[in-house]
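One structure below.
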Amino acid sequence: MESKEENEMRLAALCKSLGHLWSEEDVVEISDEIPQQKREECRRTLFGKLFSKPNVNYPTFIATMTKAWKVEGVICSQKEPGLFTFIFPTEEEKQRILRNSPWSYSTNLLVLQQCLPEIPEHCYEFSKAAFWIRIGGVPPGWRIEKVFNDLGKRLRKVIEVQLDSINHAQNK
């Protein structure tokens with residue numbers, strides 16, 4: 001295994017071999033303050049990526065998703081095949097869509113990520129998605145949040161446990 005010094009020397013050599021790819025004249029100073037209007041737009045924006053078959057019929061996909069989401073006035077754009085931007089009319093609508101995740105279209109998982117004003121679209125990670133799971137077969141005496149939390153952790157991170165207060169028939 002290489003030491004930290006060897007890695008730094010290798011990186012310095014690679015950088016030197018690249019030469020001058022840019023000059024000081026190429027640097028553009030920008031304001032570090034993001035306008036409030038853009039921050040508000042980002043709060044209402046989700047990025048979405050389709051998995052399996054990213055090349056879908058764009059107009060049909062948008063029509064289907066807006067109908068499934070039951071939201072009017074969502075602005076959709078395709079950044080590249082399978083990568084979309086959704087700007088919702090209100091933050092409440094956007095939150096409702098996130099709460100009811102996961103979403104799919106034509107057997108393709110649609111992974112959604114909240115827009116952050118400082119991060120370019122191509123830097124988002126779409127490799128994880130939250131799913132609801134239903135755990136059955138737990139004896140009545142053990143149908144408590146801690147037990148379901150412990151069982152869920154065996155699969156991955158637990159975001160929320162919901163217990164059906166009437167008969168515990170649907171423990172998610």
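Every read-out reported here was derived from the displayed coordinates using simple, explicitly stated rules and does not represent laboratory data. Small disclaimer: the values here were computed from a predicted structure and weren't measured. When we count neighbours, we look across all protein chains shown, and the Cβ atoms used for this are built from the backbone with ideal geometry, even at glycine.
When the C-alpha to C-alpha distance is required to be over 31 Å, the pairs from 67/128; 4/79; 67/153; 94/153; 38/70 that qualify are 4/79; 67/153.
In order along segment 137-142, the phi-based Karplus estimate (6.51 cos²θ - 1.76 cosθ + 1.60, θ = phi - 60°) of 3J(HN,Hα) comes to x, 8, x, x, x, 9 Hz; Gly and Pro are listed as x.
Inter-label distance, residue 153 to residue 130: 1.8 nm, where each label sits 7 Å from its Cα along the C-beta direction. Helix 4-18 and the longest principal axis of the Cα set of the chain meet at an angle near 60°. Between 117, 35, 139, the Gaussian network model of the chain with springs among Cα atoms under 10 angstrom shows the greatest mean-square fluctuation at 139. Kirkwood radius for segment 19-172, taken over all pairs of different Cα atoms as the inverse mean of 1/r, rounds to 18.6 Å. Restricting the calculation to Cα atoms, segment 36-118 yields a radius of gyration followed by a Dmax of 12.1, 38 Å. Hey, for a label at residue 39 modelled as a point 7 Å past Cα toward Cβ, could you say which residues of segment 102-141 have their backbone N under 17 Å away? Hits in segment 102-141 for residue 39 at 17 Å: 115-119. Here the 3J(HN,Hα) profile of segment 107-112, calculated from phi with Karplus coefficients 6.51, -1.76 and 1.60 at θ = phi - 60°, is 6, 9, 5, 9, 8, 10 Hz, Gly and Pro shown as x. Left without a cysteine partner by the 4.7 Å Cβ rule in the chain: 15, 76, 123. Short-range pairs are left out: with C-alpha atoms under 8 Å and at least six residues apart, the relative contact order of the chain is 20 percent. Each stretch of four or more DSSP H residues adds -39500 (n - 2.57); spread over every residue of the chain, this sum gives -9000 deg cm²/dmol at 222 nm. Using a Gaussian network model of the chain in which every pair of alpha carbons under 10 angstrom is joined by a spring, one finds that among 84, 61, 47 the greatest mean-square fluctuation is at 61. If you run the Gaussian network model on the chain, springs between alpha carbon atoms under 10 Å, then out of 83, 110, 11 the most flexible one is 11. Taking 0.36 nm per residue of separation and subtracting the current Cα-Cα distance, fully stretching the chain between residue 109 and residue 5 would add 33.1 nm.
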